[in-house]
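Data block below; observations after.
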Amino acid sequence: MTTKKNTTERRATGDHFEGAALSFLQARGLRLVRANFLCRHGEIDLVMRDGDTVVFVEVRYRRSAAFGGALGSVTAAKRRKLISAAHLWLAWHPHDARRPCRFDVLAFEGDAVEWVRGAFETSR
């Protein structure tokens with residue numbers, strides 16, 4: 001059973017790593033468009049620009065690689081939700097729909113960070 005304290009702690013942890021991901025990506029030249037885009041299909045942690053490309057970023061954190069680790073936690077079901085949310089973003093922001101897009105994953109595992117550019121593909 002999830003308690004309010006556990007939910008609050010998880011949200012604080014998520015906020016911390018989303019902030020770390022934002023700093024990491026901005027240091028590499030990406031620009032923030034929107035954080036925490038929430039819609040009926042789910043949430044996109046960060047919507048960013050890498051030059052002319054719209055980048056939908058999923059931030060994942062795991063204390064260790066046990067149970068598949070941070071990258072392994074981006075399941076097929078999670079990818080479908082991200083793709084659906086991105087399609088909605090593009091419908092609501094038609095100027096972005098004309099730009100190239102990609103999905104990146106920033107995986108924090110213990111003290112390590114891995115940035116997977118173009119982590120998965122989708123057709124528009």
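Kindly evaluate residue 62 against the criterion of being of a type outside the set (Phe, Trp, Tyr), surrounded by 12 or more Cβ atoms within 10 Å (Cβ to Cβ) and at pLDDT below 90.
Yes: the conditions hold for residue 62.
Between a residue in segment 79-97 that is closer than 19 Å to residue 60 by Cα and any residue that is acidic (Asp, Glu) and surrounded by fewer than 15 Cβ atoms within 10 Å (Cβ to Cβ), which pairs come within a Cβ distance under 9 Å, given they are 6 or more apart or on different chains? Here the result reads 81/43; 82/43; 85/43, each pair linking segment 79-97 to a residue that is acidic (Asp, Glu) and surrounded by fewer than 15 Cβ atoms within 10 Å (Cβ to Cβ).
When segment 1-35 is filtered for residues that are under 22 Å from residue 77 (Cα atoms) and modelled with pLDDT of 95 or more, only 35 remains.
The values are calculated or read from the model by the stated rules, or taken from the named source; none is laboratory data. None of these values were measured; they are calculated from a predicted model. Virtual Cβ from ideal backbone geometry, glycine too; neighbours counted across all protein chains shown.
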